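What follows is a set of notes on a single structure, which appears directly below.
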Amino acid sequence: MKKEKLRVIPPAERANPDLESGKYLLMWQGPQHPGITGNMSLKLIVEGDSVVDCETHVGYLHRGFEKLMERRLWMQNFPLVCRIAVPEPDFNEYCYAAALEELAGIQIPDKAVWLRTLSLEMIRLASFLMWIGGQAGAFGHGTIIQWSVTMRDYVLDLFEELSGGRIYHMYIIPGGVRGDVPAGFFKHVLEIMDTVQKNLDDIELVMFHNVVFKMRAEGLGYIPADWVDHYGITGPNARAAGVARDLRKDLGYLAYPRLDFKTIVGQKSDAYERARLRLLEMYQCIDLIRQIVDQCPKDGPFREKLPNPLYWKIPAGETYVAAECTRGEYGFYVASDGSDKPRRVAVRGPSYTHAVAVMERLARGVNIADVAGLMVSLHTYPPEIER
Amino acid sequence: MNELATRLAARYGARGWHDQRADLATIVLDADRLRDALAYLRDQEGYRHLSFATAIDNIERGVFTLVYTLRSHDKGHSLIVHADIDRQKPVVDSIHLLWAQAWTYQREMKEWYGIDFPGSPRVDEEFVLEGWEGPPMMRRDFDSLAYSDATYAERPGRATSDPARHMKEQLYPEAAE
Amino acid sequence: MDIKDFIAPFAVWKRAFEKPFTVKKPIDERPGAPRYRGFHINDAERCVGCGTCEAICMNKAIDLVPVEGREAKEGDSGLRPRVDYGRCCWCALCVDICPSGSLNMSNEYLWIDSDPDVFRYTPGVDKKPWDGAELGYRRAEGYRLLDEQRVPMAELGHREAVKSFLELVQGYSRAQAEKEADRCVSCGLCIASCPAHMDIPGYIKAVREGDLDTGLRLLYETNPFPEACGRICTHLCEGACSIGTGGDPVAIRWLKRYIADQVELSAYAKALPRAEPSVGKKVAVVGAGPGGLSAAYYLALLGYEVKVYEKDGEAGGMLRYGIPEYRLPYPALDKDIGYIESLGVTIKRGVAIGKDLSLSDLRRDYHAVYLSTGLPVAYGLEVPGDKHPRVLDGVAVLAAATRGEELGLGKRVAVIGGGNVAMDAARTALRHGAAVDILYRRREEDMPADADEIREAKAEGARLIEKSIPVEVKDAAGALAGKAALFVWNEAEMVQKEEGKRPVPEAIPGALREELYDSIIAAIGQGPDLSYVTEEDGVPMKRFKPLVDARGMASPGASPKGGAIFAGGDLVNDRKDAISAIADGHRAALSIDRHLSGKGA
């Protein structure tokens, strides 16, 4: 029975249920539902306890960032962009800064390259730690989130020490990074990596060798490999389907070409496989962070001098800078008309497709109780959809 | 890559190939060739991944410039395809059959810019701006600050002084303007 | 299902006996990290209220507000930033950009109150528990958003400089000027310090944007001597510059010069306002120095027929005869004056009022008269022997140099005095190959001359003898009698006579020194020559100065007796610099216009 379930591919066409027939029930999951990630809602049409149709509704967190950015100076947008994906602000900071540097022709010092890489890997770990709690919680496993959020807090302590902020680090500034590492920082990083790793070992035992989790996650939300290009799927969701794409390898930005790591790929492409792949990527994060601590230059400049931010004009042009975040391809398209403010900034978040087109299709035929688990297994953040 | 530029020019009248980076180029097309060119790029040239699609309001030129960013993982190369459409009659072919997530971007562009994509699923439905009655908000002629000032009250007690003006009032009020 | 999948979850029970990860009551003892971006702190003494924090704040969270007990003064607006924590996003860009470095953040993040309106305060003014916090966000060492270093100005080396009267300062190139203009934060603190209240942020912006016509127009709104002031202005503005609180002040003077240098005189008319149609009234100006010509320029713009009377052969006053050409080359000055003349201002050169014409002639023939005759008469040394033929007057030496006359200063020259005239005389003497001693009765830091002038005079080889009180000039003995003189001075020490006042030099008994000089140049100050003003002109005097009202009017005059008299410049004000004279001239022009058009009453 399990084997058949593995290969269930939801229909491409939407059902057109007659809501007046009394056979169906329309229910909203979210935006305030605890089983939904963030302020998003799913409009479900269910027949009995299975979902017949699903529509994603976003907009509860729309703050008009792209419009706001067009009225602010280039440097004034630096504290704004981090808010576009709350659990992973650093990817916004990096993509924005890198796009500006490319358009303005600025080379950043090597130390800044390493510290940016460190910052991105630390937030990747923190974000995965939050996700794993959500994933376990969506299947009724409330212990994991207490552990993993504690671990995440330790990583946030590191950010607080490095940048002065826990959630919005505002550390990757156009031109480099905002400060050198404080004394003893690398030692703290290594200590906390040891703690997190030990905790991950426990999580692995409790969650991934858990009959309940296995029964519920295996076979859920199967994504065929040929969907990857068709839906624009990226990140762990694509890798779990056996498509070996990782922008850290493919684009080779920052210090990644100098780090030793392999793209992790899965095969079964269900919720369990995706979760397991993310767990492996968390171990990979810890390994990368240790490598970075080992290789990061101990001194040297960490920032390029920029023109006066009050009048900084960036030559006309456009670029698209992408990075591999926890969920896949995160990118900033930045167009300048040569003035002191951006002409257009467009943010490409992986959730844009994962939470809308992909989720709507995968939900068809799923048990209501599994909708939350399915949703979390796609690892989506609504703010990057609506911006 | 210049061979690709030549092929795109010959087949679809593409022009203005610009290498922004070794792994990123931009090109411009006429809007009526857009869907065919994107299908060709996807099927024949390996640009199978649509990173995102959006628009820029080039109000000075009276056009919306569409932005389609494609990536070929095999070549390790991204290509941004541009096409201008008339700001007064903003309609362009839908690509929802080429990529399964494209309709979301088109729905967004409809809501944010007022660009229509006939045939695109749910293109007229609200996307993020539930209950919004103003003009398409990403248009350059929609002044968000003026809207905000007209719609919301300032917090009472806020007042600021310009240093130069304040010093003039304090130190040399007699000087002529 | 694997049996492990049932058993494995229990394996972590072993952790029950380990030290927990969590911390007890962390809220009680959880200070923010040393770099934590917490509530703002501000050193209100160092802060100058420039508002750059407000300008960079993308949330509009900062207001600049007046603070009780803190008045606006030179280089300090008296305002202080107030932060609204309903808007602040703790990005600390305000800290990164703060020119003085006074604004920082504490590592305090807890502040609980039931009233939502209290979360708004003026750091450093409204007392808070975290005031003076040692920890909290500080910008990284060597890292700031503004450039604290001025774009260096190319200058002749001192060895080269003393060989000729070539201009020392070479001027900025376009790239240099735009880079220097980029350092300005447009706070406008400088405007109040400029006697003419020039729109400094405005013309610096014009430089930044490459719009020199606009720049020139802004300069001429308040100052028709940009070439001259761009070189020799006392640049009080730079002393008030907020950027100067944490680095080199913006080179405002060089940027002004850059604008004027870049626009050709033939292109001035296109950029500058045209004169109003003639109002049919005539004004006479006495003295073609910067003040007189400034009044003439603005009067001409307002449609008056203006005639300027100058006793010397050339116009420019002290700018020409007092300032050596290595600081202000004559072509630059001629450009400023040439433009004023091109507006129809007539300059009658070589016509001395009181000799060739009388003031009452002017009052009869003109609707108003502006007196701007400055301080042409040098004070004597007032010591025995000061009438010795080798005791020269500094102003006269500089004027003779301007006229290209043979100075005959000799090999050893003493310059007595500590002002700019003394420095100019010393450096002129150096350029004529003399060894120069500068003798000043107080210390170097008390000298009224610009610091740059003193530094350069010393660098060019002048020897500074401080705390030297002149005692006597004695004729040289033997063959040198009448050709050289012994200067005798008494060494002094600085004595604090009254608390709060500056110390005064007091002669040390018996510490007499003397030195033989070929020339002794006295440059200890100048006075006015008001012999041309007669009692019937009705000009009230106080301490040898015409007494003027707030409008610059000295005597109202009344028809048919004659036109009103206005006065300004060094003759009247205490600043005694070109820019103040220019400001006086501008003010007088506006007052004369109000007076004559009947708007003034």
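Across chain A, Cα pairs under 8 Å and at least six residues apart give a relative contact order of 27 percent. Highest GNM mean-square fluctuation among A:G349, A:G165, A:G373, for chain A modelled with Cα contacts below 10 Å: A:G165. Across all Cα atoms of segment C:158-271, the radius of gyration (one decimal) and Dmax (whole number) stand at 14.0, 42 Å. How high is the relative contact order of chain C? Use alpha-carbon pairs under 8 Å, at least six apart in sequence, and give a whole percent. Here the relative contact order equals 12 percent. Under the combined filter of DSSP loop state and at most 15 neighbouring Cβ atoms within 10 Å, segment C:325-434 retains these trypsin sites (Lys or Arg not before Pro): C:K355, C:K387, C:R403, C:K411.
Ignore the peptide's own chain and count Cβ atoms of other chains within 10 Å of each Cβ in B:51-58; give me the average, rounded.
On the way: counts 10, 12, 2, 8, 2, 7, 3, 4.
For this peptide, the per-residue mean of nearby foreign Cβ atoms is 6.
What does the helix-only formula give at 222 nm for chain B: each DSSP H stretch with n ≥ 4 adding -39500 (n - 2.57), the total divided by the residues, and the result rounded to the nearest 500 deg cm²/dmol? Walk me through the numbers on the way to the answer.
Numbers: 5 runs with 51 residues, N = 177.
Mean residue ellipticity at 222 nm (helix-derived): -8500 deg cm²/dmol.
Peptide packing: for A:375-386, C:519-530, the average count of neighbouring Cβ atoms within 10 Å per residue gives the ranking A:375-386, C:519-530, highest mean first.
Using only Cα coordinates, the Kirkwood hydrodynamic radius of segment C:101-228 works out to 19.3 Å. Across chain C, counting alpha-carbon atoms alone, Rg and Dmax equal 31.2, 126 Å. Here is how the number arises for chain A: DSSP H runs of 4 or more residues each give -39500 (n - 2.57), the sum is divided by the residue count, and the result at 222 nm is -13000 deg cm²/dmol.
Of the peptides C:285-294, C:35-44, the order by per-residue mean of other Cβ atoms within 10 Å, starting with the highest, comes out as C:285-294, C:35-44. Which parts of segment C:239-271 would a label at C:A154 reach, counting a residue when its backbone N lies under 18 Å from a point 7 Å out along Cα-to-Cβ? Within reach of a label on C:A154, which here means backbone N under 18 Å from a point 7 Å along Cα→Cβ, segment C:239-271 contributes C:254-263.
Within 10 Å of the Cβ of each residue in C:31-39, the mean number of Cβ atoms contributed by other protein chains is 5. 3J(HN,Hα) couplings calculated from phi for segment C:180-196 with the Karplus curve 6.51 cos²θ - 1.76 cosθ + 1.60 (θ = phi - 60°) are, in sequence order, 5, 5, 5, 7, 6, 10, 6, 6, x, 4, 5, 4, 5, 7, 6, x, 8 Hz; Gly and Pro show x.
Determine how many Å³ per residue the convex hull of the Cα atoms of segment B:1-94 encloses. Intermediate results must be reported in sequence, preceding the final value.
Working: hull volume 8.6 nm³, N = 94.
Per-residue hull volume (Cα only) is 91 Å³.
Is there a pair in C:K355/C:K387; C:K282/C:K545; C:K348/C:K411 whose C-alpha atoms are over 32 Å apart, and which pairs would that be?
Working: C:K355/C:K387 26 Å; C:K282/C:K545 25 Å; C:K348/C:K411 39 Å.
Flagged as over cut-off: C:K348/C:K411.
Take each residue of peptide A:247-259, count the partner chain Cβ atoms within 10 Å of its Cβ, and average: the result is 1. A cut-off under 14 angstrom between Cβ atoms defines the neighbours of C:G510, and their net charge, with Lys, Arg +1 and Asp, Glu -1, is -3. Residues C:H197, C:H586, ranked from the fewest to the most other C-beta atoms within 10 Å, line up as C:H197, C:H586. Under 5 Å between amide hydrogens, built in the peptide plane, is the criterion, and for C:K281 it picks out C:E305 among residues at least 5 positions away or on other chains. Loop-located GluC sites (Glu not before Pro) across segment A:213-300 with a Cβ neighbour count of 16 or fewer within 10 Å are A:E218, with loop assigned by DSSP. Within the listed set B:P163, B:P135, B:P118, the Gaussian network model of chain B (springs between alpha-carbon atoms below 10 Å) gives the highest mean-square fluctuation for B:P163.
Ranked by Cβ crowding within 10 angstrom, fewest neighbours first, how are B:T54, B:T104 ordered?
Starting with the residue having the fewest Cβ neighbours, the order is B:T54, B:T104.
Loop-resident trypsin sites (Lys or Arg not before Pro) (DSSP state other than H, G, I, E or B) in segment A:224-298 with no more than 13 further Cβ atoms inside 10 Å of their Cβ: A:K262, A:K298. Taking Cα atoms only, the orientation of helix C:212-222 departs from the longest principal axis of chain C by about 60 degrees. Distances between placed amide hydrogens fall under 5 Å for C:I416 paired with C:L439, C:I521, C:A522, C:A523, all partners being 5 or more residues away or on another chain. Overall dimensions of segment C:26-121, expressed as equivalent-ellipsoid semi-axes from the Cα gyration tensor (√(5λ), whole Å, largest first), are 25, 15, 13. With Cα atoms as the point set, the radius of gyration and Dmax of the protein assembly as shown evaluate to 38.6, 134 Å. Rounded to 0.05, the FRET efficiency of the A:H188 and A:V149 pair, given R0 = 22 Å and the Cβ-Cβ distance, is 0.70.
Taking Cα centroids, how far is segment C:569-584 from segment A:325-349 in Å? Computed from Cα coordinates, the inter-centre distance equals 56 Å.
In plain terms, if you count all Cα to Cα distances in chain A and split them into 20 Å steps from zero, the share in each step is 28, 56, 15, 0 percent.
Please say if segment A:235-378 is rounded, prolate or oblate, where rounded means a/c under 1.5 for a ≥ b ≥ c the square roots of the C-alpha gyration tensor eigenvalues, and otherwise the choice is prolate for a/b larger than b/c and oblate otherwise? Intermediate values should be presented prior to the final figure.
Values: a/c = 2.93, a/b = 1.43, b/c = 2.06.
Note, shape of segment A:235-378 comes out oblate.
For A:L44, neighbours were defined as the other residues whose beta-carbon sits under 14 Å from its Cβ, and their charges (Lys and Arg +1, Asp and Glu -1) total -2.
Angle of helix A:368-377 to the longest C-alpha principal axis of chain A, folded into 0 to 90 degrees and rounded to 10: 20°. Between helix C:252-262 and chain C there is an angle of about 70 degrees, using the helix long axis and the longest principal axis of the Cα atoms. In order along segment C:577-583, the phi-based Karplus estimate (6.51 cos²θ - 1.76 cosθ + 1.60, θ = phi - 60°) of 3J(HN,Hα) comes to 10, 4, 5, 5, 5, 5, 5 Hz; Gly and Pro are listed as x.
Estimated translational diffusion coefficient (Stokes-Einstein, Kirkwood radius over Cα pairs, 20 °C, 1.002 mPa s) of chain B: 112 µm² per second.
Need one word for segment A:197-297: rounded, prolate or oblate. Basis is the Cα gyration tensor (sqrt eigenvalues a ≥ b ≥ c); a/c below 1.5 gives rounded, then a/b vs b/c decides. Intermediate results must be reported in sequence, preceding the final value.
Working: a/c = 3.89, a/b = 1.25, b/c = 3.11.
It comes out oblate by the Cα gyration axes.
Taking a Cβ cut-off of under 9 Å around A:N237, the surrounding Lys, Arg, Asp and Glu residues balance to a net charge of +3, with basic ones at +1 and acidic ones at -1.
Which of A:E88, C:E514 has the fewest other C-beta atoms within 10 Å, and how do the rest follow up to the most? Provide the component values of the computation, followed by the final result.
Numbers: A:E88 24, C:E514 13.
Placing the least packed residue first, the sequence is C:E514, A:E88.
For segment C:480-553, would you read off the P(r) tail past 15 Å as a percentage of all alpha carbon pairs? Intermediate results must be reported in sequence, preceding the final value.
On the way: 2043 of 2701 pairs.
For segment C:480-553, the share of Cα pairs beyond 15 Å comes to 76 percent.
The value of relative contact order for chain B, using C-alpha pairs under 8 Å at least six residues apart, is 14 percent.
Bear in mind that the values in this text are calculations on the coordinates, not laboratory data. Since this is a predicted model, take the numbers as computed values, not measurements. As a convention, Cβ positions derive from the backbone with ideal geometry for all residues, glycine included, and neighbour counts pool all protein chains shown.
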